[in-house]
Amino acid sequence: MALVRKNNKDAELAQLQQVVDKLNLEEYLNTQSLNQVLIQCNIERDKNNNIPLHPLVLNTETWQKAGYYDPIKGILKNKTDEEMYYDRVLELYKHVYEKNKPFKGIVVCITTLKSDDEEGGESKTVPLDSRLAIILGSNIEAPDSYAHEIGHLLGLEHIYRSKEDLEDLQEKRQKIIELNNKIGINKERQKKYIDDCDKYKAKNGYDCPERKEVVKKFDNEIDNQKIESKLCLNVIQVYKENKYCFGKESTINFMDYTKDHTNRHLFCKWQWELMQRDIVKYYGKVQKVEI
Ligand SMILES: [Zn+2]
């Protein structure tokens, strides 16, 4: 997938196509990175055996208005901590390519654009079925970045903990407490409302006309709060499962940070296990190879 700007679409697509043709990504993933994990990947090919770059066309004006594009710097940006450009790209992709049939696999989206957080890419460990990896302009020519982002999608965190990670963890813990409180309050209010409705019925002989609607509204709110709380819990879980941490830039692990992209070569065995488990959960089975 190629994320390109509408007003510069052809030039950006041509540039990205050149990158893809040069990269030999499938071979890299299958012989120098994911093969360590016993994961084999097949990248989609067209009838001429080329990797097709499906365009995702971004309208800079609407993205700017929505708060996801900075026209002066020409970069992607997050609107808030919760509203991320990642989700907007995912939404656009689903809208254009998955209206009828969801694709069961990882979607790698490359772009010439950079982002305001100076990251090389963006992907999510949670939820389990998150499957979009965005590789940004600074990193599209670095194959280890693809292995790194796919690692995130398959449940891996960085091999170091940054200050932001620790803050994120603390935030998620706090959020769970707040959500559980809200769920408790909503349940109580719903119970009280139902009691009142019962009294109303006993007095008048018929139900409150809006009873069903109001009870359902409470149910929906509680369900949404439970989903949000579960997501926070899953994030905490992922941090816990990624249990071994080292200093930043001190290893040759794919999930370490790197400036020059020459020093990331390894997934550890405990990382293989997390990734394999994620794949089995996602696909529901694993194909065993007879030797
Ligand atoms: Zn990362």
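Just so you know, all these numbers are worked out from the coordinates, no wet-lab data involved. Everything numeric here is computed off the predicted structure, so don't read it as measured data. Methodologically, a virtual Cβ is constructed for each residue, glycine included, from the backbone with ideal geometry; neighbour enumeration extends over all protein chains shown.
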- prompt: So what's the gap between the Cα centers of region 201-215 and region 139-177, to the nearest angstrom?
  reply: 49 Å
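In the chain, what % of DSSP beta bridges are antiparallel (nearest 5)?
Working: 4 of 16 bridges.
Rounded to the nearest five, the antiparallel share is 25 percent.
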- prompt: How large is log10 I(q)/I(0) at q = 0.07, 0.11, 0.15 Å⁻¹ when the Debye formula is applied to the Cα atoms of the chain, each weighted equally and without solvent?
  reply: -0.35, -0.76, -1.24
query: So how tilted is helix 85-97 from the main axis of the chain? Cα-based, degrees 0 to 90, rounded to 10.
result: 90 degrees
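What's the local net charge at Leu16, with K and R +1, D and E -1, over the other residues with C-beta under 13 Å away?
Working: positive: Arg5, Lys9, Lys22; negative: Asp10, Glu12, Asp21, Glu141.
Result for the neighbourhood of Leu16: -1.
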- prompt: Mind checking the angle between helix 9-23 and the chain's longest principal axis? C-alpha axes, 0 to 90 degrees, to the nearest 10.
  reply: 60 degrees
message: I need two numbers for region 22-101: Rg to one decimal and Dmax as a whole number, Cα atoms only, in Å.
response: 16.9, 44
CD proxy at 222 nm, helix term only [per DSSP H run n ≥ 4: -39500 (n - 2.57); per residue of the chain; nearest 500]: -16500 deg cm²/dmol
message: If I fit a long axis through the Cα atoms of helix 269-283 and take the longest principal axis of the Cα atoms of the chain, what angle between them do I get, 0 to 90°, rounded to 10?
response: 60 degrees
- prompt: Please report, for the Cα atoms of region 163-241, the Rg to one decimal and the Dmax as a whole number; what are they, in angstrom?
  reply: 17.9, 61
Partner aspartates and glutamates for Lys199 [C-alpha distance under 13 Å; skip if fewer than 8 residues away on the same chain]: Asp207
- prompt: Kirkwood hydrodynamic radius for region 176-291: how many Å is it when counted over pairs of different Cα atoms?
  reply: 19.3 Å
